[in-house]
Amino acid sequence: MKEERRNSYVINHSLQVYMIAAILSSVVGQVNITVDGIIVSNKLSADAISTIMLSSPILSVSSLLGLIIFAGASLLMAPAIGNQQYRQVNRIFTLSLVGVTVLNGLLATALCIWADPISHMITDDERLLPFLADYLPISFIGGVVTLLAMSLGQFIEICGRPRLVTKAMIILTSANILLDLLLVVHFQLGMKGAAIASALSSVVAILSYVPYLTKEPRPFRFELPLSIDSLKLGGKCLLRGLPNAVNMVSVAVMLLGLNAIIMHIQGADGMFILSVCMQMFSIGMLLVGGACGAITGIGGRLYGEQDWNGMRRLFDSVFRRVLGGAGLTTLLLFLFPSFLARLFGADEALLTISEQPLRLFSLVLIPLAVTIMLVNIYLITKRAKLATGLILGLVACVLIPFLACSYWIPSNVWIAFPIGMWTLMLISLGIPYFMSRRKVAIHRIYLISTIGNLDSFSVSVRYDFDDVDSKLNDLLFYVSIFDIGEERMTKVQHVLEEIMFHQYDMGKKEQKQDSFDVSIIDQPTRLSIIVKDVGKAYNPLVSYQPGQHDVIDEEQIGLDIVKGLCDEVNYKYANGLNCLYLNIKK
């Protein structure tokens, strides 16, 4: 069989569109968190940001059930879209939203009742306890709304509309800052006002999604989860989301452990430094957040399409971008460590003691980015045990060095951060390397096939007549290997000829200079032809006229393909790509 003649143009364009929007969303979200912290810290006191840090583990645990559901749903939804299982997508969407609302709503209500003893369990520090007692109850309820907004945003990104999520994040941030100024500054509601502002801003973000979710063609439709199949699907969501639960619990345990160690050694001043470290982490992980979203959203679609070649190209591009960005961020934070501390209201004494710890913490961004990306890759490729092991390794590689340093060198305890994180990265790269040596043709980092899939074949086609003709022959050669019968082979030949030369004609009219991708997937019940093209939204099966992408011409051969030669046709526009799925049943 011929090797795939493929380039990365289409994949890189999709990745760029996704990551730019996702990073902008993360930047806006970080601006929201930072400005929120600046407002409460400067209006109330520097202890306000420490209160938020102290409450983050318990708030994470309070969102655990919902996060399990929607994390598992995300891992199932993206491959289902790639495999054209749209009814399955609707069921996943319905089950996840119902589960998040009901389960997290009940848990949040119970936690509100016990908010006061929970506050005393977290800390008895007289400076911090009053802030915590005001902040927690409202934050438990607001967390349900925030989780719903996160779930909807994640699903919309997977559907290929990350820019819509960016707009929603801008709306959320603007609303939160205005509400902070109104409730915290003007009405002087303190930490209660900050919690109310966060909850209401999430409501505003959800409302901004309503036009997209209700306008035809709707991306999702509600299907009541009453059948046995739906219940089984709910179980799959929980199972796939369990590693995320381990992640949440592990991070909560890690933060609780760090809080206890730092409070014991350095008190409230140390908690301030740790809080700023977490802000540095959030800033440094902006690029990683976009990359992980792309791994789930774009990588999940490619997984559903059985496009292993495309997945390798995607992961390579993600790593190059993230490592470059993490290196630059590390350099800036290492050179200017006190900038954030000053923003959060630190006085000269705090600035003096925080400079070295913050500089040491900046060194963890590169190894942490590598580990987080590998965890997401292993989750989407169904290596949940390995992903879970790396998550547990994160906790061990942070807490063990911190405990050792707190005992032997308490004055330099912050050096535990870079020691632990670089050790973790070596472990994260070493385990897949040794696993890959046991199997032939397995990538030494990603643990996916390096020789492609015998049931799929892809080519990148330039907008050149000779190249179209050459790649057409390559595709037909691939199809001829399978015994699909003369009638189906004739259908495939006509479909490929018409759609590929139609793409060529369209590209010439648009004066495109790059390429489009064509893939064939041989599945048990159907043979799928997938065409992906960069550009504005248009369905290539209707007649093409510049500026009029949806004008239907009854004489156009594309409609004959749809009505006569193909048994099923699906068209989606996602991440700047026109994706056409042509299915011929076996």
Qualifying residue in the range 132-150 (condition: modelled with pLDDT of 85 or more, of a type outside the set (A, V, I, L, M) and over 26 Å from His120 (Cα atoms)): no
Residues located in the range 161-197, provided they are under 22 Å from the mean Cα position of the chain (by Cα) and open to solvent by 40 Å² or more (accessible area, probe 1.4 Å): Arg161, Arg163, Leu164, Lys167, Met169, Ile170, Ile171
Every pair of residues 6+ apart whose Cβ atoms lie under 6 Å, when the first sits in the range 121-146 and is at negative phi and open to solvent by 50 Å² or more (accessible area, probe 1.4 Å) while the second is assigned to a loop (DSSP other than H, G, I, E, B) and modelled with pLDDT of 75 or more: none
Members of the range 460-509 found to be under 19 Å from Leu565 (Cβ atoms) and aromatic (Phe, Trp, Tyr), listed by number: Tyr478, Phe482, Phe501, Tyr504
Test: residue in the range 59-71 that is part of a helix (DSSP H, G or I), open to solvent by 40 Å² or more (accessible area, probe 1.4 Å) and either in contact with a Gly (Cβ under 9 Å, 6 or more places away or on another chain) or at negative phi (or both): yes
Cβ pairs under 6 Å, 6+ apart, first in the range 242-264 and within 16 Å of Asp125 (Cβ to Cβ), second open to solvent by 20 Å² or more (accessible area, probe 1.4 Å): Ile261/Ser406
Conditions (1) out of contact with any Pro (no Cβ under 7 Å at 6 or more places or on another chain); (2) open to solvent by less than 30 Å² (accessible area, probe 1.4 Å); (3) at pLDDT 70 or above: number failed by Thr34: (3)
Meets criteria (without any contact (Cβ under 8 Å) to a residue 24 or more places away in the chain, closer than 22 Å to Ile283 by Cβ, charged (D, E, K, R) and open to solvent by 20 Å² or more (accessible area, probe 1.4 Å)) for Arg342: yes
Residues of the range 75-120 that turn out to be open to solvent by less than 40 Å² (accessible area, probe 1.4 Å) and among the polar types (S, T, N, Q), as a count: 7
Positions within the range 316-336 being under 30 Å from Ile530 (Cβ atoms), open to solvent by less than 10 Å² (accessible area, probe 1.4 Å) and not β-branched (Val, Ile, Thr), in sequence order: Ser317
Flag if Arg313 is open to solvent by 20 Å² or more (accessible area, probe 1.4 Å), in contact with a Lys or Arg (Cβ under 9 Å, 6 or more places away or on another chain) and either not acidic (Asp, Glu) or not in a helix (DSSP H, G or I) (or both): yes
Qualifying position, being open to solvent by 40 Å² or more (accessible area, probe 1.4 Å), closer than 20 Å to Gly66 by Cβ and either at pLDDT below 80 or not in a helix (DSSP H, G or I) (or both), among Val204, Val246: Val246
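The values are calculated or read from the model by the stated rules, or taken from the named source; none is laboratory data. Owing to the predicted nature of the structure, the values given are computational and were not obtained by experimental measurement. All Cβ positions, even for glycine, are placed from backbone atoms using ideal geometry, and neighbour counts span all protein chains on display. Side chains included, ligands, DNA and RNA excluded: accessible areas come from the protein's heavy atoms. Shrake-Rupley method; radii C 1.70, N 1.55, O 1.52, S 1.80 Å.
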